[in-house]
Amino acid sequence: MEIRIAKKEDLETIQKLLYEEDLYHYKNDKEENKKPVVGSRPDDVVLDNLDTRTSKIFLAIEGNEVAGLIWVSIKIREENGVFNKKTYGYINDIGVSKKFRGRGFGKKLLEQSMEWVKEQNVGTLELRVDSFNKPAISLYRSKGFEDKSHNLELKL
């Protein structure tokens with residue numbers, strides 16, 4: 001397994017992985033949250049975030065196939081009346097192709113993003129995960145992530 005930074009030549013493969021990730025969420029989310037899966041992220045947004053000072057997309061490679069990806073960014077929350085200014089790492093997307101799941105690719109991608117965020121002298125890494133995604137939650141907890149907040153919903 002090799003982890004490398006994505007290049008513009010990887011765009012089609014990245015979009016396929018993001019689509020597969022979206023489809024996974026569509027199939028597993030609550031019926032009322034489902035929306036048609038028509039595409040992933042705009043090409044220009046992906047290309048603008050491949051390899052910058054504040055954003056990286058890392059790919060996991062097995063043989064000559066892309067097994068998975070992680071898209072990590074450095075974000076800044078400005079000070080406001082409630083919160084202090086904060087610089088933090090944020091995982092925008094992580095996904096492993098179905099045929100490669102359960103083989104440690106997600107763990108290696110997560111470790112690579114954690115290392116990169118540390119190299120940027122940023123002390124925290126955050127992400128959002130759907131409650132139905134138990135394998136991902138288990139992975140994040142195994143790497144030391146802790147619950148920060150909960151979104152609750154009441155049907156009326």
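The values are calculated or read from the model by the stated rules, or taken from the named source; none is laboratory data. None of these values were measured; they are calculated from a predicted model. Because the Cβ atoms are built from the backbone with ideal geometry, glycine has one as well, and the counts that use them run over all protein chains shown.
Could you please find all residues in the range 58-86 being at pLDDT below 95 and surrounded by 14 or more Cβ atoms within 10 Å (Cβ to Cβ)?
Lys86
Can you work out which of the residues in the range 1-28 that are outside any helix (DSSP H, G or I) and either in contact with a Phe, Trp or Tyr (Cβ under 9 Å, 6 or more places away or on another chain) or without any contact (Cβ under 8 Å) to a residue 12 or more places away in the chain (or both) is farthest from Lys56 (Cα to Cα)?
Only one residue fits best here, namely Met1.
Check whether at least one residue in the range 109-116 is free of Cβ contacts under 8 Å to residues at least 40 places away in the same chain, closer than 18 Å to Val96 by Cβ and part of a loop (DSSP other than H, G, I, E, B), and report yes or no.
No, the range 109-116 contains no residue that is free of Cβ contacts under 8 Å to residues at least 40 places away in the same chain, closer than 18 Å to Val96 by Cβ and part of a loop (DSSP other than H, G, I, E, B).
For the range 88-98, which residues satisfy the criterion of being polar (S, T, N, Q) and either loosely packed, with under 15 Cβ neighbours inside 10 Å or touching a residue at least 60 places away in the same chain (Cβ under 8 Å) (or both)?
Selection gives Ser97 alone.
Would you mind telling me which numbered condition in (1) in a helix (DSSP H, G or I); (2) touching a Phe, Trp or Tyr at 6+ places or on another chain (Cβ under 8 Å) Val122 fails?
(1)
Give just the number: which of (1) surrounded by 11 or more Cβ atoms within 10 Å (Cβ to Cβ); (2) modelled with pLDDT of 95 or more does Arg101 not satisfy?
Evaluating Arg101 over (1) surrounded by 11 or more Cβ atoms within 10 Å (Cβ to Cβ); (2) modelled with pLDDT of 95 or more leaves (2) as the failure.
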